[in-house]
Amino acid sequence: MDDNTNIDDILKEIDEIFTFSHNIINGENFNLNDPYKKINYTYFRLFCTHFESLCILVQNCHLSSGILLMRAMLELFVKTFYLEFIEKEKEAIVDDFISGEKDFPSFFTMTKALEEYKHDSYGDFKCSFNQFTKKYLASYEKFSLFSHGRGEVLRAFYNHNKISYTTEQISEVLLTAKGMFEQLSLLLFFTQDNFDKVGLLLEKIKG
């Protein structure tokens, strides 16, 4: 199997799960009267917009620009969970975050709070957010280098006028995005108390 075939296979998997999730969503009447349900749906839609653009950029060999989107996607991912599981329990007002009257904590403060969260029925997140921090994969720092034009990214363009990526690196980015999309889709149905759809999606994800 050549490199491009491997990436094409992942893109096909992404298209399949993206289509499956949206087919379920299109048949669903969501309750958007509750601010927390509405912000969850709003962040999900923003994430999906970036996700589609990321796939287009990868298909056209523009992964550097795609990684800029990955940083935004990662922040949306963490903020979505942070609002639902941390700020909601504090009875924070969603409009305060939307207006900017209240700021989100730093990325690492949010991931720390989520890792320390434990629900009486559902348990904890089992290091789902730690993986993005410096101690583990350091995804946030790596993606940030592209936003700020520093480090290996700048050095590669400075020395060679381009930057190249291995199949493994491209695959890692795509699979990370796919995993975040799946988790946000599950959370969307969870917040809507539609556990039948959660089950359908889980069954599809597990294959």
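Pairs meeting the criteria (first residue in segment 176-201 and among the acidic types (D, E), second residue in a helix (DSSP H, G or I), beta carbons under 6 Å, at least 6 apart or on different chains) are E182/I205.
To keep it simple, each residue is scored yes or no on (1) modelled with pLDDT under 80; (2) farther than 23 Å from G179 by Cβ; (3) touching a helix residue (DSSP H, G or I) at 6+ places or on another chain (Cβ under 9 Å).
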{"position": "E91", "(1), (2), (3)": "no, yes, no"}
{"position": "F104", "(1), (2), (3)": "no, no, yes"}
{"position": "F107", "(1), (2), (3)": "no, no, yes"}
{"position": "F129", "(1), (2), (3)": "no, no, yes"}
{"position": "Y158", "(1), (2), (3)": "yes, yes, no"}
{"position": "T167", "(1), (2), (3)": "no, no, yes"}
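Looking at the structure I just gave you, is S21 touching a Ser or Thr at 6+ places or on another chain (Cβ under 9 Å) and in contact (Cβ under 8 Å) with a residue 60 or more places away in the chain? When the stated conditions are applied, S21 passes them.
Residues that are under 20 Å from C55 (Cβ atoms) and touching a residue at least 12 places away in the same chain (Cβ under 8 Å) were ranked within segment 152-165; the one that is nearest to the chain's Cα centre (by Cα) is Y165.
Matching residues to (1) more than 18 Å from M70 (Cβ to Cβ); (2) touching a Gly at 6+ places or on another chain (Cβ under 6 Å); (3) at pLDDT below 95; (4) not aromatic (F, W, Y):
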| site | (1), (2), (3), (4) |
| --- | --- |
| F132 | no, no, yes, no |
| G149 | no, no, yes, yes |
| S164 | no, no, yes, yes |
| E182 | no, no, no, yes |
| F195 | yes, no, yes, no |
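There is at least one residue in segment 67-78 that is among the charged types (D, E, K, R), over 18 Å from D193 (Cβ atoms) and modelled with pLDDT under 95. Being crowded, with 16+ Cβ neighbours inside 10 Å, hydroxyl-bearing (S, T, Y) and more than 22 Å from N29 (Cβ to Cβ) is the filter here, so list the residues in segment 167-207 that pass it. Scanning segment 167-207 gives S171, T176. Go through segment 99-116 and give me each residue that's under 19 Å from the mean Cα position of the chain (by Cα) and not polar (S, T, N, Q). If the condition is that a residue be under 19 Å from the mean Cα position of the chain (by Cα) and not polar (S, T, N, Q), then F104, P105, F107, F108, M110, K112, A113, L114, E115 are the ones that fit.
Residues in segment 84-105 include at least one that is surrounded by 13 or more Cβ atoms within 10 Å (Cβ to Cβ) and touching a residue at least 60 places away in the same chain (Cβ under 8 Å). Mind listing whichever residues of segment 23-52 are buried (at least 17 other Cβ atoms within 10 Å of the Cβ) and either of a type in the set (A, V, I, L, M) or within 19 Å of E13 (Cβ to Cβ) (or both)? Within segment 23-52, I24, I25, I39, F47, C48, H50, F51 meet the criteria.
The values are calculated or read from the model by the stated rules, or taken from the named source; none is laboratory data. Source: prediction; values computed, not measured. Cβ: placed from backbone, ideal geometry, glycine included. Neighbour counts: every protein chain shown.
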